[in-house]
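Just below is one structure, and these are the notes that go with it.
Here, each number is a calculation from the coordinates, and none is a lab measurement. Just so it is clear, the model here is predicted, and its values are computed rather than measured. Neighbour counts run over all protein chains shown; Cβ positions are idealised from the backbone, glycine included.
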Amino acid sequence: MGGVWGIIVSVDFIAAATTTFEASHTDETEPACARLHGHTWTVTASVRCVNVAGKAKGAQGLRGHLVSIAAELNGRDVGAMLPGSDQSLQEVATWFLERLSAQHDRVFEVTVDVAGIAITARRELR
C-alpha cells in the first residue's frame, strides 16, 4: 500500500479504548498504599487491528467490553474482587488483559494509571 506521498509501504493500526472507575485497595508492596484507600483508576486497552485496504478492522466492541469489566470493580474493594492478588497496578493490569483477551484475541496491552503512575501489561500476539 502506498502512502499519500508513495513513501509508506505498509501500515499497522493500533486502536485503543479508555475508561475510568473508582475503587479502593491496599498495596502492601508500597508503603504509601498499605492502608485501605481509594483511587480513580484509568484503564486503556490496545488492540492490533488488521489493515484491510487501508482501514483498521478488529476493534469492534472493545470499549464496551472494557467498560463492562471496569464496572465490576467500580465502587468496590479491589482486594475483594481479585482475591489472592496483591492489589498492585501490575495485578489489576494483568487481570484486565486476561479478561479482555478472552473476548478480543488481538488485545495486546492494557495500561492502568492511578494518580499519574501507570503500569502496562503486554502479551505477544500469535
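Once divided by 2.2 N^0.38 Å, the Cα radius of gyration of the chain becomes 1.23. DSSP assigns beta bridges within the chain; of those with both partners inside it, close to 95 percent run antiparallel. Other residues whose C-beta falls under 15 angstrom from the C-beta of Val52 contribute a net charge of +3, scoring Lys and Arg +1 and Asp and Glu -1.
Tally Lys/Arg at +1 and Asp/Glu at -1 over every other residue whose Cβ is under 14 Å from the Cβ of Arg35; what's the total? The answer is -4. Look at the dipole of the chain built from charges on Cβ: of Gly61, Ala71, Ala34, the Cα furthest out on the positive end belongs to Gly61.
With contributions of -39500 (n - 2.57) from each DSSP H run of at least four residues, the per-residue ellipticity at 222 nm computed over the chain stands at -6500 deg cm²/dmol. How tilted is helix 89-101 with respect to the longest principal axis of the chain? Cα atoms for both, answer in degrees (0 to 90, nearest 10). Helix 89-101 sits roughly 50 degrees off the main axis of the chain.
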